[in-house]
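Encoded as structure tokens, the structure appears first; notes follow it.
The values are calculated or read from the model by the stated rules, or taken from the named source; none is laboratory data. Please read these numbers as outputs of a predicted model, since none were measured by experiment. All Cβ positions, even for glycine, are placed from backbone atoms using ideal geometry, and neighbour counts span all protein chains on display.
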């Protein structure tokens, strides 16, 4: 984990604040890949994942934007209410489960609400590298949309289209219009509420291969099922553990004194992914790609289980 100091807090909307962070020891950050996120541990020790939304090539500071959730479990509310400029937080190194496909001829970014955050870092990168892209930003109103002045600036205005006040029942029609001219070499990236992302996938998949449509999860699409038969986990150290129904692999290993790094515990952040040396995983996560799941050589140990009686994992 990295200790950082909050150097600036900007109110983007009534419910969204942007936090600028610098290393407390004065060192530089490493550049990160557009679309990456970090774990942020705030007041009370609560850890949540937030996308980095600043220019990825900047090494002097990182930026995150946090929406205060109405039903906050303590993460967003603490950052909004208890964190001030000069306070210290701890963050992880950036991780990226939502990267750009650099071989694409064109990129179409589709955001709804706070889903703009990872796509904003992509827009920064694409603008800097001269790649072709278009950003479509859906929000209930201009007042509730973050980063509007930036996106209306000379840097981005020509490549950004706003969709304010579009009713949910009309979103599919609007998406069909904005995606109608995409060609097979285009890649589409979507982030926002899960229902919105599903609409993007449904529309884009009519004209694009499945692998050309990418989505970023802020929450699990559905609760990870805990049901399933008991199975065994063998570690490359030779230790064997029994995983009963209703218990996760990470919890069983923790009981045995084996700590696996975890964060979200919902199968969306990828922190707990381990390599599978033998056996067939029963994937119940939203962090591995379809190709990674088909390969069967990785498993998100906080939610996934086994289709075989034993999994052999590399610790």
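Some observations on this one:
- Test: residue in the stretch 72-92 that is under 15 Å from the mean Cα position of the chain (by Cα) and assigned to a loop (DSSP other than H, G, I, E, B): yes
- For the stretch 280-287, the count of residues that are within 22 Å of the chain's Cα centre (by Cα), in the same structural domain as residue 237 (by TED's automatic domain parsing), farther than 24 Å from residue 239 by Cβ and at pLDDT below 85 is at least one.
- Single condition residue 65 does not satisfy, out of (1) at pLDDT below 95; (2) closer than 17 Å to residue 192 by Cα; (3) surrounded by 13 or more Cβ atoms within 10 Å (Cβ to Cβ): (1)
- Note on the stretch 167-202: residues that are assigned to a loop (DSSP other than H, G, I, E, B) and buried (at least 16 other Cβ atoms within 10 Å of the Cβ) amount to 4.
- Number of the condition not met by residue 125 [criteria: (1) assigned to a helix (DSSP H, G or I); (2) more than 26 Å from residue 165 (Cβ to Cβ); (3) touching a strand residue (DSSP E or B) at 6+ places or on another chain (Cβ under 8 Å)]: (3)
- Candidate set: the stretch 3-39, residues that are modelled with pLDDT under 95 and part of a strand (DSSP E or B); chosen: the one surrounded by the most Cβ atoms within 10 Å (Cβ to Cβ): 37
- Number of the exception - residue 165 against (1) within 22 Å of the chain's Cα centre (by Cα); (2) on the phi > 0 side of the Ramachandran plot: (1)
- Cβ pairs under 8 Å, 6+ apart, first in the stretch 152-166 and in the same structural domain as residue 132 (by TED's automatic domain parsing) and at pLDDT 95 or above, second in a loop (DSSP other than H, G, I, E, B) and surrounded by 16 or more Cβ atoms within 10 Å (Cβ to Cβ): 162/145; 164/145
- Qualifying residue in the stretch 224-240 (condition: modelled with pLDDT of 90 or more, farther than 30 Å from residue 179 by Cα and within 26 Å of the chain's Cα centre (by Cα)): no
- Flag if residue 66 is within 21 Å of residue 211 (Cβ to Cβ) and not in a loop (DSSP other than H, G, I, E, B): no
- Any hit, the stretch 48-55, residues being out of contact with any strand residue (DSSP E or B) (no Cβ under 9 Å at 6 or more places or on another chain), assigned to a loop (DSSP other than H, G, I, E, B), surrounded by 15 or more Cβ atoms within 10 Å (Cβ to Cβ) and outside the structural domain of residue 273 (by TED's automatic domain parsing): no
- Boolean, residue 148 is within 30 Å of residue 46 (Cα to Cα), out of contact with any helix residue (DSSP H, G or I) (no Cβ under 7 Å at 6 or more places or on another chain), surrounded by fewer than 21 Cβ atoms within 10 Å (Cβ to Cβ) and in the same structural domain as residue 25 (by TED's automatic domain parsing): no
Yes/no matrix, rows are residues, columns are (1) in contact with a helix residue (DSSP H, G or I) (Cβ under 6 Å, 6 or more places away or on another chain); (2) assigned to a loop (DSSP other than H, G, I, E, B); (3) closer than 28 Å to residue 118 by Cα:
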{"residue": "211", "(1), (2), (3)": "no, no, yes"}
{"residue": "238", "(1), (2), (3)": "no, yes, no"}
{"residue": "245", "(1), (2), (3)": "no, yes, no"}
{"residue": "251", "(1), (2), (3)": "no, no, no"}
{"residue": "263", "(1), (2), (3)": "no, yes, yes"}
{"residue": "267", "(1), (2), (3)": "no, yes, yes"}
{"residue": "270", "(1), (2), (3)": "no, yes, yes"}
{"residue": "275", "(1), (2), (3)": "no, no, yes"}
{"residue": "293", "(1), (2), (3)": "no, no, yes"}
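- Filtered residues of the stretch 281-295 (kept if under 18 Å from residue 315 (Cα atoms) and exposed (fewer than 14 other Cβ atoms within 10 Å of the Cβ)): none
- Qualifying residue in the stretch 299-314 (condition: under 30 Å from residue 106 (Cβ atoms) and touching a residue at least 24 places away in the same chain (Cβ under 8 Å)): no
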